[in-house]
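Data first, discussion second: the structure below is written as structure tokens.
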Amino acid sequence: MKAIVFERNGGLEVLQYREIEDPKPGPNEVVLKVKASACNFNDVWARRGLPGVKIIMPHISGSDAAGVVVDRGSEVHDVSIGDEVVVHCGIACRHCYYCTRGEEFFCHDFKIWGFQTGPLDGAHAEYCKVPAVNVLAKPHNLTWEQAASMPLVLVTVWRMLVSRAKIQAGDFVLVWGAGGGLGVMAVQIAKLFNARAIAVASSDEKLDLARKLGAEFLLNRKRDDIFQEVRRVTDGKRADIVFEHTGADTWPVSMQCLKWGGTIVTCGATSGFDAHMDIRLLWNKQQNYLGSHLGNKGELIEAMRFVEQGHIKPVVDRVMPLRELAQAQELMENNIVAGKIVMLPAK
Ligand code: NDP
């Protein structure tokens, strides 16, 4: 099969479109013919290399795939050849104390498929293999491209806002990167809960997208003073929830924008990990700082119900042939993607 493979960390030049052997399923795995795969920022981190994260070489990135089951291992009984599925990318042992409490993120074996797993698994290929427990039915109302674009960002944001931050009707939710992969989901989930999204983005095009998805207030971070604007639109109250993933550059403003007793929830640090924090705010204002990582399959199933009912919609910026993955990553690194880029393997 054809796949995008890299054998060392580096720039875009390490990505090679080449022929490798087709995957064979282990006893508990299924093989999918990939109809579409989606790009996530994790793909970029895997390629560049990330301190403290082991990237197994040779590596195929990609943690979102939609496809058809074409082979299954001897122990797989509840997934059939021909099933149309998407992938939940959280891999854990499923047997330990944490897994059986539904907290597989704390499992010693927890990994994100297509990011920390390997060698040579991941979605950016013609075929991929995953544990059978990690697939779920593709929503009928979505195309292959739309279906591939959703699971990772959807489950991450669902966990951040619903499970962790416990979003409520009427909450002001400050959403950084509101036109990005996570951001377009955050705006829609805020709307779903009758919360009031304050969308931040670097261009009016992305803000227009956020408006169409339900954002009530639009702030251009190149032009507006975010703190002053948040104070203005909330009548001085500030945000109940700050949706963070942007990191060092935005963290001090996120803290300023948070109300007394409010919650910052974060899952990432695109602009850097080393953020300054005045811990006096933590106790004086009795604020909550929450970390969040991916989401479990149950949370994805919960969120997918709203996708099937049309309340949360996929946002596909563009569809590109798989061999152009390097160009797709370049667009992501240049921060000009609104929603998701989806890759199609050759027919
Ligand atoms: P995208 O590239 O789709 O979007 C990121 C957005 O961040 C952009 O739209 C951009 O918006 C904004 N941004 C980038 N740099 C800055 C900056 N310096 N200041 C303010 N805003 C900035 O990425 P994703 O939404 O897919 O992912 C975002 C981050 O979350 C990544 O670091 C990713 O690794 C992490 N992540 C973590 C997960 C987890 O489970 N822990 C899961 C998924 C993602 P604009 O420039 O328009 O303001």
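Every number in this text was worked out from the coordinates using simple rules, so none of it is lab data. On a predicted model such as this, the values are computed, not experimentally measured, just so you know. Ideal geometry is used to build each Cβ from the backbone, glycine not excepted, and the neighbour counts take in all protein chains shown.
Brief remarks follow.
- Proximal lysines relative to Lys285, as straight alpha-carbon distance under 17 Å, when same-chain residues fewer than 8 apart are discounted: Lys237, Lys259
- Cross-link pairs Lys222/Lys340; Lys222/Lys313; Lys54/Lys222 - those with Cα-Cα distance over 31 Å: Lys54/Lys222
- Placing R0 at 30 angstrom, the Cβ-Cβ distance between Ser74 and His311 gives a FRET efficiency of 0.15 after rounding to 0.05.
- Restricting region 214-260 to trypsin sites (Lys or Arg not before Pro) that sit in a DSSP loop and have at most 14 other Cβ atoms within 10 Å of their own Cβ leaves Lys222, Arg223, Lys237.
- Mean-position separation - Cα centroids, region 171-226 and region 103-136, in angstrom: 30
- Neighbours of Lys285 by Cβ distance under 11 Å: Lys/Arg scored +1, Asp/Glu scored -1, total +2.
- Ranking of Asp83, Asp43, Asp317 by count of other Cβ atoms within 10 Å, fewest first: Asp83, Asp317, Asp43
- At full extension, Asn284 and Ile56 could sit 77.6 nm farther apart than now, given 0.36 nm per residue minus the alpha carbon distance.
- Rounded to whole Hz, the Karplus (6.51, -1.76, 1.60) HN-Hα couplings of region 56-67, x for glycine and proline: 7, 9, x, 10, 10, 7, x, 10, 10, 9, 10, x
- Annotation: peptides 31-39, 46-54, ranked by per-residue average of other Cβ atoms within 10 Å with the highest first, follow the order 31-39, 46-54.
- In this simple spin-label model, placing a label point 7 Å from the Cα along the Cα-to-Cβ direction at both Arg94 and Gln228 gives a separation of 5.5 nm.
- Fewest-first ordering of Phe41, Phe115 by other beta carbons within 10 Å of each residue's beta carbon gives Phe41, Phe115.
- Working ranking of peptides 136-143, 197-204 by packing, defined as the average number of other Cβ atoms within 10 Å per residue, highest first, is 197-204, 136-143.
- Using a Förster distance of 25 Å, the FRET efficiency for His276-Arg8 (Cβ separation, nearest 0.05): 0.15
- Listed by chain and number, the aspartates and glutamates placed with their C-alpha closer than 16 angstrom to that of Lys191 are Asp171, Asp208, Glu216, Asp240; residues fewer than eight positions away on the same chain are left out.
- Sequence-distant lysines (8 or more away, or on other chains) whose Cα lies within less than 17 Å of Lys33: Lys2, Lys24, Lys129, Lys138, Lys347
- Packing-based exposure ordering (other Cβ within 10 Å, fewest first) of Leu322, Leu300: Leu322, Leu300
- Cα gyration tensor category, rounded, prolate or oblate, for region 1-95 with a/c compared to 1.5: prolate
- Simple spin-label estimate for Trp260 and His108 in nanometres, 7 Å along Cα-Cβ: 4.6
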